[in-house]
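Before we start, here is the structure in question, set down as structure tokens.
Nothing in this text is a laboratory measurement; each read-out follows from the coordinates by a stated rule. Because the structure is a prediction, the values reported are computed rather than measured. No Cβ is skipped: glycine too gets one built from the backbone with ideal geometry, and neighbour counts run over all protein chains shown.
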Amino acid sequence: MECVARISGTLRKGIKNLAFSPDGRYLAASAFDDEHCIAIYSWNAKLKPGETIKPVATGKGTRANILSLGFNPAGNQLVATCVKEVNFYSFDNSLVKCKRGTGWTNNM
């Protein structure tokens, strides 16, 4: 028996990074596009045969190259480490909202 999971949505130029929430409820993905779009999927959604998982929230990422994604311990916020910046994403009502990390200086 073959098991294939399919996701669909706005990440049309390929998926660069993936992260599961600590409880396994969500899967976050970032795209290879210029805006590094973010999509959040409800990973434990019940699907019918041939059905795809659609994102529960999507939004623009950052112009900076995203190096990794991770969820906070509560699983309700996403953290993206990027080249020269860190971004925090909240997701609610089908939107992903970005807040750039501040207060850091480069003293090297």
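Using only the alpha carbons of segment 15-99, determine the length spanned along each of the three principal axes and report them from longest to shortest in whole angstroms.
42, 27, 21
Which of the aspartates and glutamates could be linked to K13 by a straight reach, that is with a Cα gap under 16 Å, when you skip same-chain ones fewer than 8 residues away?
Straight-line reach from K13, under 16 Å: D33, D34, E35.
Which value, in debye to the nearest 20, gives the size of the charge dipole of the chain about its Cα centre, when Lys and Arg are +1 and Asp and Glu are -1 at the Cβ?
Here the chain has a charge dipole of around 140 debye.
May I have the count of lysine pairs in segment 15-99 with C-alpha atoms under 23 Å apart, counting pairs 8 or more residues apart or located on different chains?
Here the count comes out as 12.
Can I ask one more? Residue by residue through segment 59-69, what is 3J(HN,Hα) from phi via Karplus (6.51 cos²θ - 1.76 cosθ + 1.60, θ = phi - 60°)? Round to whole Hz and write x for glycine and proline.
Karplus-based 3J(HN,Hα) across segment 59-69 equals x, 6, x, 9, 6, 6, 5, 7, 9, 7, 10 Hz.
Exposure proxy check: C98, C82 ranked by fewest other beta carbons within 10 Å?
Final ranking by Cβ density, sparse to dense: C98, C82.
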